[in-house]
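This report concerns only the one structure given below.
The values are calculated or read from the model by the stated rules, or taken from the named source; none is laboratory data. Since we're looking at a predicted model, the values are computed, not measured. Here the Cβ positions follow ideal geometry from the backbone for every residue, glycine too, while neighbour counts run over all protein chains shown. When the accessible area is computed, the model is the full protein with side chains, heavy atoms only, and any ligands, DNA or RNA have been set aside. Shrake-Rupley method; radii C 1.70, N 1.55, O 1.52, S 1.80 Å.
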Amino acid sequence: DTEVTQTPKHLVMGMTNKKSLKCEQHMGHRAMYWYKQKAKKPPELMFVYSYEKLSINESVPSRFSPECPNSSLLNLHLHALQPEDSALYLCASSGLTEGTEAFFGQGTRLTVV
Amino acid sequence: AQSVTQPDIHITVSEGASLELRCNYSYGATPYLFWYVQSPGQGLQLLLKYFSGDTLVQGIKGFEAEFKRSQSSFNLRKPSVHWSDAAEYFCAVVRSASKIIFGSGTRLSIRP
């Protein structure tokens, strides 16, 4: 199984809503990532978890709150987002061997209204 | 600092023609290099990767890439493209701590 599963596929939320994005992998990977991708742009790294601990936060606003409940799951909690946060949010996972490739989910298309 | 440059924003080739997508990297040591493909609204799929050893790397879907240290390049090639190859292609380098740095991407269109 080389799948990274993200739910939901699409999400529309108001600026006062609270929602969560979910990501799951069963490849035994101990690194998990959140990326944000705007239209016609490359993915931008937001967070990295290693062994369920946050190892990288790329100066992401606090309205995005990541959580890694166990080695297979990764959540991204959203609160008080802005319309400019509308984007494709991609989850990825990888091993921790240096240079190992990352496997990406299909993404959640988020629209903030 | 490590970086990846894809000089071509958009390329159009005829179906059946050969393809080469350019990628240049900036990295002090031997880099870990990847090519990913993304269809519209989808996630990224790994086409191939280079870590060390043979500089010509074979990937999925008939793609290959050649690592040229002297030119700091890792260009992606395919001898004959299919309409289904139309997508966005990203070259990437992995920094320490599993941090992937993506190039700006090249959009490939296929002319019937």
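Miscellaneous remarks
- By accessible area, using a 1.4 Å probe on protein heavy atoms only, the stretch B:1-84 has 49% of its surface on carbon and sulfur.
- Here the dipole of chain A is about 460 debye; that uses its Cα centre as origin and unit charges on the Cβ of Lys and Arg (positive) and Asp and Glu (negative).
- Dividing the Cα radius of gyration of chain A by 2.2 N^0.38 Å, with N the residue count, gives 1.00.
- Over all Cα atoms in the protein assembly as shown, the spread is summed up by Rg and Dmax: 17.7, 54 Å.
- Protein heavy-atom surface of the stretch A:1-56, 1.4 angstrom probe: 52% of the accessible area is carbon and sulfur, with nucleic acids and ligands not counted.
- Applying the Karplus relation 6.51 cos²θ - 1.76 cosθ + 1.60 with θ = phi - 60° to the stretch A:59-75 yields 3J(HN,Hα) values of 6, 7, x, 5, 5, 9, 10, x, 8, 10, x, 7, 5, 9, 10, 9, 10 Hz, where x marks Gly and Pro.
- Area hidden from solvent between A and B (accessible, protein heavy atoms only, 1.4 Å, total, Å²): 1700 Å²
- Those Cys residues of the protein assembly as shown for which no other cysteine Cβ falls under 4.7 Å: A:C68
- Given A:K40/B:K99; A:K41/B:K68; A:K53/B:K49; A:K9/B:K61; A:K18/A:K38; A:K36/B:K99, the pairs whose alpha carbons are separated by over 24 Å: A:K41/B:K68; A:K53/B:K49; A:K9/B:K61
- Threshold 10 Å² - residues in the stretch A:88-112 whose accessible area is reduced by that much or more when the chain is no longer isolated, probe 1.4 Å: A:L88, A:L90, A:L96, A:E98, A:G99, A:T100, A:E101, A:A102, A:F104, A:Q106, A:R109
- Once all protein chains are placed together, B:D85 keeps about 10 Å² accessible to a 1.4 angstrom probe.
- Within the stretch B:34-112: Cβ-based charge dipole about Cα centre, in debye rounded to nearest 20 (Lys, Arg +1; Asp, Glu -1): 140 debye
- Looking at chain B, the accessible area is 47 square angstrom per residue; that uses a 1.4 Å probe and ignores ligands, DNA and RNA.
- Inter-probe distance in nm under a simple model that places probes 7 Å from Cα toward Cβ, at A:H10 and B:T12: 2.9 nm
- Since only A:C68, A:A39, A:N17 are under comparison, the one whose Cα sits farthest along the positive direction of the charge dipole of the stretch A:5-113, derived from C-beta charges on Lys, Arg, Asp and Glu, is A:N17.
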